[in-house]
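Reviewing the structure listed below.
The values are calculated or read from the model by the stated rules, or taken from the named source; none is laboratory data. All of these numbers come straight from a predicted model, not from anything done at the bench. We place every Cβ from the backbone using ideal geometry, glycine too, and count neighbours over all the protein chains shown. The area values use the complete protein model at the heavy-atom level, side chains included, leaving out ligands, DNA and RNA. Shrake-Rupley method; radii C 1.70, N 1.55, O 1.52, S 1.80 Å.
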Amino acid sequence: MLEVEIRKPLDHFDLDVRFEMKSELAVIFGRSGAGKTQTLECIAGLSRPVEGLIRLGRRVLYRGEPEKRSIDMPSRLRKVGYVFQDGLLFPHMTLRQNVLYPLMRCGRAHDGEARAEALLRDLGIGHLADYMPGRVSGGQRRRAAIARALAGEPELLLMDEPFVHLDRVVKARLMAEVERIPNERGTPVLLVTHDLSVLTRLAARIIVLEQGQVVQAGPRDAVLGAPAGAQVARLFGDAFSYEGPV
């Protein structure tokens with residue numbers, strides 16, 4: 001479903017990432033500053049690698065090769081939804097208007113109202129459709145941001161630390177909503193986090209990132225059951241045992 005092989009110089013290290021995922025919920029896990037957000041931005045078209053390949057289904061979103069013709073599809077054409085860490089809703093628009101915005105941009109105003117209402121209702125905030133973002137809670141704003149990202153019927157949904165700064169109850173409810181997206185909508189989700197509880201609850205596939213490098217990737221149980229060395233085991237903390245060489 002998604003094939004990523006990108007290289008990009010960053011301030012403190014080079015981002016050199018290779019992984020694949022299917023129609024599932026995959027989690028990029030790692031410490032803050034490991035290159036997780038930069039990876040999402042490259043996939044979304046918000047940042048450009050220096051070389052590599054990003055393929056979504058049969059479509060090539062990016063191809064950069066030395067001395068060859070490059071492909072760099074504009075972000076608006078990639079069919080990739082993006083939920084930013086803080087939601088980034090338009091503060092001067094209601095929740096309904098925020099969800100309607102991408103539909104208006106892609107010429108779907110004729111059925112936009114009904115789709116916006118349905119998405120807000122599905123995410124449990126239909127009753128707040130006419131509220132401004134400043135009048136709702138952080139968890140409700142995140143739900144509205146997810147609804148807006150899903151409005152354009154993306155082929156892939158990217159989420160950057162969507163559960164930070166939420167209390168335990170709200171976090172659990174929002175995780176349940178995110179878990180439904182690939183199962184009920186068929187939209188694959190690539191989510192970044194450094195929260196072990198999010199990893200163990202949501203991930204079908206795990207991509208472990210350290211200093212811009214993928215140090216392990218695979219199905220959740222395989223990765224959690226057999227960390228690839230002490231470096232990965234330390235990222236998981238004391239939750240899992242590791243008996244290999246240090």
ask   = For the range 25-39, list residues with backbone N below 19 Å from a point placed 7 Å from the Cα of residue 75 toward its Cβ?
value = 35-39
request  = Note down the magnitude of the dipole of the chain about its Cα centre, charges +1 on Lys and Arg C-beta and -1 on Asp and Glu C-beta and zero elsewhere, to the nearest 20 debye.
outcome  = 620 debye
note = Expressed in nanometres to one decimal, the distance between label points 7 Å along Cα→Cβ at residue 113 and residue 86 is 3.4 nm
ask   = What FRET efficiency comes out for the pair residue 176/residue 68, r = Cβ-Cβ distance, R0 = 35 Å, nearest 0.05?
value = 0.15
message = I'd like the per residue volume of the convex hull spanned by the Cα atoms of the chain, given in cubic angstrom.
response = 134 Å³
query = Which whole-number value in Å³ per residue fits the convex hull of the alpha carbons of the range 144-246?
reply = 116 Å³
query = Against the longest alpha carbon principal axis of the chain, how many degrees, from 0 to 90 and to the nearest 10, is the axis of helix 138-151 turned?
reply = 90 degrees
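Over all pairs of distinct alpha carbons, what does the Kirkwood formula give as the hydrodynamic radius of the range 38-152, in Å?
Values: mean 1/r = 0.0649 Å⁻¹.
Taking every pair of different Cα atoms in the range 38-152, averaging 1/r and inverting gives 15.4 Å.
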query = Once both axes come from the Cα atoms, what is the angle between helix 168-180 and the longest principal axis of the chain, in degrees from 0 to 90, rounded to 10?
reply = 90 degrees
Spacing of the two label points (7 Å from each Cα toward its C-beta) at residue 221 and residue 23, in nm = 2.3 nm
message = Using the Cα centre of the chain as origin and beta-carbon charges of +1 (Lys, Arg) and -1 (Asp, Glu), tell me which of 80, 176, 23 is placed farthest towards the positive end of the dipole.
response = 80
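Express the carbon and sulfur contribution to the solvent-accessible surface of the chain as a percent, rounded to the nearest whole number, probe 1.4 angstrom. It would help to have the intermediate numbers written out before the result.
Numbers: 5750 of 12080 Å².
Ligands and nucleic acids excluded, carbon and sulfur reach 48 percent.
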key: Sparse-neighbourhood loop sites, trypsin sites (Lys or Arg not before Pro) in the range 89-186 - DSSP loop, at most 16 other Cβ within 10 angstrom   = 108
remark   = In degrees, nearest 10, the alpha-carbon axis of helix 95-105 is tilted away from the dominant principal axis of the alpha carbons of the chain by 80 degrees
task = Project the alpha carbons of the range 97-165 onto their principal axes and report the range along each, largest first, in whole Å.
result = 36, 27, 18
query = Could you give the nm distance between label points at residue 55 and residue 93, where each point is 7 Å from its Cα heading toward the beta carbon?
reply = 3.5 nm
Residue-count net charge about residue 13 - beta-carbon cut-off 12 Å; Lys, Arg +1, Asp, Glu -1 = -2
key: Per residue accessible area of the range 5-138, 1.4 Å probe, in Å²   = 54 Å²
message = So for the range 76-140, averaging the separation of alpha carbon pairs under 8 Å that are six or more residues apart and normalising by length, what relative contact order in percent results?
response = 38 percent
ask   = Which FRET efficiency, nearest 0.05, do residue 12 and residue 200 yield, Cβ-Cβ r, R0 30 Å?
value = 0.55
ask   = R0 = 25 Å: FRET efficiency of residue 131 with residue 167, Cβ-based, nearest 0.05?
value = 0.80
request  = Normalising by the residue count of the chain, find the relative contact order in percent from Cα pairs under 8 Å and 6+ residues apart.
outcome  = 26 percent
